[in-house]
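The values are calculated or read from the model by the stated rules, or taken from the named source; none is laboratory data. These figures come from a predicted structure and were not determined experimentally. Cβ: placed from backbone, ideal geometry, glycine included. Neighbour counts: every protein chain shown.
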């Protein structure tokens, strides 16, 4: 039977222009057989949620380097809830201090992959969450 | 351990794809003619340096990147750095400012004052430079799509300090093409963005002759994943695009080429970096002389800021970054840079603490004052390996430049996303090489430690900045002459719509205390916004 490919939206919210990490992860997920939709820079949280809905994404990966990860992630989680799609797997990447990881998880973020994370760990986590539950 | 036999020696291939032999000798440099290919320092083709006596005459300028929160806080940090021997300023703006948004814009909210200082009106910039004599301190303004607005504000601050335009020294980064490739602060489409750079260059060549209107940045391209060869090749192609824009206005190359500045990155292999800069100087001199028929040798020199790049620093074992920074500064000095800046050891995480910023400054001072780096020009010149490698780098940079030109030039290559794809592919390749251990990063994939103890202190973010900036905008809007603002913005719109130079109406607009956001909106209305090619 033809398996549905895992669909991932890689998003850059807000004004931060550091997109190398997001693009590297996008390449790695593509290489691992996933369908990757990259939003491009300067996206509002509203746009990201809309893209996730339209693309029927399984996973939303948001990359933030400016230090604004807490308010932006909170906003994302609230809007996913409002749209009734809080079942999506949400990953946060970028420059995230250790002490903020529990806070992000409290917001409902599934996992945080900060700078220096292994690409294979990100791939494995997504596969586990998306294929494990099917 | 037993010594390896020659045939068992490990292959060494540089990031730029150059295979390195274990030993170099006279046979490797036999066909290099000293006078035409290397030359005395200060003479064409400037391989060894752009001045005859380099640091013996004047050590490199030390210019750390700094700025955060309000103009007031930044002013305090500027004065502190100058008191400790820094010799110039390099201004960091927050992201809303860099993207032409006022602090009260809903899209700006989370970012006000975070990664640099917030500037909404001329009032903020006046405060940032309060008590700093800007005719004596050269300032680099790290801003791109709205660099024209910041230049106007800076000139207005100078005027208020009683300094005429022709005495103002400094640089606006103002390299929009590299923003589309890496760094990401772009607003308008490519063509009108380049037109703004042309307007500024034309205006400066006539009115602000000591100001560098743009600084072409290989730095961010390399930070985004490019190889050292791509860094130089893409930067040169970008510079060529700007030169063509300005020549199209009837200016002569010698009217402005002497004010073109470059900004390059340092991390990775020491020899490859040194050769990169020597090759870059030689190649750039040939391009300006042969392709653009410059006659004045000052037009042909590659003037650069080269600093320790954040891309080489690691989040793991952050104190190792102090050591890396020292080596990067050494490379920078061995490469003949004009200005040096170092990313601080905590900069992979946060805005540098005072302690970290001071260590970076001391690193450069120790090199200049203790280690003999200013004694003699280009001390690696004449090394069999370095001269051979300089030639190899030059050849490869030329090849990559040719690829861009075959594609139709840098403007087209960026508009279509070709360069962005090349760089992101290279970034992925490099990351895979790091993760597999093929590229060694100490503390990351070798000599790894459990690191509970090594969290650095984060720069505290002051949420009051937003409220402060918002109430300030309100105050200014209430007290300024509304009619003058309206008329100034109208004049700006007219200039933007025609081919009139935008700088004079911009000066009028900032002096009327129109906000950065109001001014940017005029440009957005006329020029539209860039549509990012998002294919990987």
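Some notes on this structure:
- Any hit, region B:115-122, residues being surrounded by fewer than 23 Cβ atoms within 10 Å (Cβ to Cβ), away from chain A (no Cβ under 12 Å) and outside any loop (DSSP other than H, G, I, E, B): no
One line per residue, one yes/no per condition, for (1) under 27 Å from the mean Cα position of the chain (by Cα); (2) within 14 Å of chain A (Cβ to nearest Cβ); (3) within 30 Å of residue B:155 (Cα to Cα):
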site: B:447; (1), (2), (3): no, no, no
site: B:450; (1), (2), (3): no, yes, no
site: B:470; (1), (2), (3): no, no, yes
site: B:492; (1), (2), (3): no, no, yes
site: B:496; (1), (2), (3): yes, no, yes
site: B:506; (1), (2), (3): yes, no, yes
site: B:517; (1), (2), (3): yes, yes, yes
site: B:533; (1), (2), (3): yes, yes, no
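- Candidate set from region A:3-12 (those that are more than 9 Å from chain B (Cβ to nearest Cβ) and assigned to a loop (DSSP other than H, G, I, E, B)); member that is modelled with the highest pLDDT: A:6
- Note on region B:340-379: among residues that are in contact with a strand residue (DSSP E or B) (Cβ under 6 Å, 6 or more places away or on another chain) and within 24 Å of residue A:18 (Cβ to Cβ), the one that is nearest to the other protein chains (Cβ to nearest Cβ) is B:343.
- Here residue B:94 passes the criteria (1) without any contact (Cβ under 8 Å) to a residue 40 or more places away in the chain; (2) in contact with a strand residue (DSSP E or B) (Cβ under 8 Å, 6 or more places away or on another chain); (3) under 20 Å from residue B:344 (Cβ atoms); (4) more than 14 Å from chain A (Cβ to nearest Cβ) except the one numbered (4).
- Scoring residue A:16 on the criteria (1) more than 8 Å from every other protein chain (Cβ to nearest Cβ); (2) touching a helix residue (DSSP H, G or I) at 6+ places or on another chain (Cβ under 7 Å); (3) in a loop (DSSP other than H, G, I, E, B) leaves a single failure, condition (1).
- Residues that are within 14 Å of another protein chain (Cβ to nearest Cβ), surrounded by 24 or more Cβ atoms within 10 Å (Cβ to Cβ) and under 20 Å from the mean Cα position of the chain (by Cα) do not occur anywhere in region B:254-264.
- Of all residues in region A:19-32 being closer than 17 Å to residue A:89 by Cβ and in contact with a helix residue (DSSP H, G or I) (Cβ under 9 Å, 6 or more places away or on another chain), the one that is surrounded by the fewest Cβ atoms within 10 Å (Cβ to Cβ): A:32
- Across region B:138-147, a minimum of one residue is classified as part of a helix (DSSP H, G or I) and either within 14 Å of another protein chain (Cβ to nearest Cβ) or crowded, with 23+ Cβ neighbours inside 10 Å (or both).
- Qualifying residue in region B:35-53 (condition: at pLDDT 95 or above, within 26 Å of the chain's Cα centre (by Cα), more than 29 Å from residue B:517 (Cβ to Cβ) and part of a helix (DSSP H, G or I)): no
- Here region B:408-438 is the region considered, the condition is being in a loop (DSSP other than H, G, I, E, B) and touching a residue at least 12 places away in the same chain (Cβ under 8 Å), and the residue that is nearest to the other protein chains (Cβ to nearest Cβ) is B:417.
- Checked against the criterion of being buried (at least 19 other Cβ atoms within 10 Å of the Cβ), modelled with pLDDT of 95 or more and more than 11 Å from the chain's Cα centre (by Cα), the candidates A:53, A:15, A:76, A:80 yield just one match: A:80.
- For region B:74-106, residues that are crowded, with 20+ Cβ neighbours inside 10 Å and assigned to a helix (DSSP H, G or I) total 8.
- All positions within region B:370-379 that are under 22 Å from residue B:284 (Cβ atoms) and more than 25 Å from the chain's Cα centre (by Cα): B:379
Per-residue answers, yes or no, for (1) buried (at least 19 other Cβ atoms within 10 Å of the Cβ); (2) modelled with pLDDT of 95 or more; (3) under 24 Å from the mean Cα position of the chain (by Cα):
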{"residue": "B:397", "(1), (2), (3)": "yes, yes, yes"}
{"residue": "B:400", "(1), (2), (3)": "yes, yes, yes"}
{"residue": "B:407", "(1), (2), (3)": "no, yes, no"}
{"residue": "B:414", "(1), (2), (3)": "yes, yes, yes"}
{"residue": "B:417", "(1), (2), (3)": "no, yes, yes"}
{"residue": "B:420", "(1), (2), (3)": "yes, yes, yes"}
{"residue": "B:424", "(1), (2), (3)": "yes, yes, yes"}
{"residue": "B:432", "(1), (2), (3)": "no, yes, no"}
{"residue": "B:438", "(1), (2), (3)": "no, no, no"}
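- Take the conditions (1) surrounded by fewer than 21 Cβ atoms within 10 Å (Cβ to Cβ); (2) free of Cβ contacts under 8 Å to residues at least 40 places away in the same chain; (3) within 14 Å of chain A (Cβ to nearest Cβ); residue B:109 misses just one of them, which is (2).
- The lone criterion from (1) under 28 Å from residue B:302 (Cα atoms); (2) surrounded by fewer than 22 Cβ atoms within 10 Å (Cβ to Cβ); (3) at pLDDT 90 or above left unmet by residue B:127 is number (1).
- Looking only at residues of region B:519-531 that are away from chain A (no Cβ under 14 Å) and part of a helix (DSSP H, G or I), we find that the one that is surrounded by the fewest Cβ atoms within 10 Å (Cβ to Cβ) is B:525.
- Tally of residues being surrounded by 10 or more Cβ atoms within 10 Å (Cβ to Cβ) and over 30 Å from residue B:430 (Cα atoms) across region B:1-34: 4
- Residues (touching a residue at least 60 places away in the same chain (Cβ under 8 Å) and surrounded by fewer than 19 Cβ atoms within 10 Å (Cβ to Cβ)) located in region A:86-117: A:115
- When restricted to residues that are assigned to a loop (DSSP other than H, G, I, E, B), modelled with pLDDT of 95 or more and touching a helix residue (DSSP H, G or I) at 6+ places or on another chain (Cβ under 8 Å), region B:269-321 contains 8.
- In the set B:327, B:385, only one residue is touching a residue at least 40 places away in the same chain (Cβ under 8 Å), over 21 Å from the mean Cα position of the chain (by Cα) and not in a loop (DSSP other than H, G, I, E, B); that residue is B:385.
- Note on region A:26-134: enclosed helices (runs of 4 or more DSSP H) holding 2 or more residues that are at the interface with chain B (Cβ under 10 Å from one of its Cβ atoms) are A:69-82, A:119-132.
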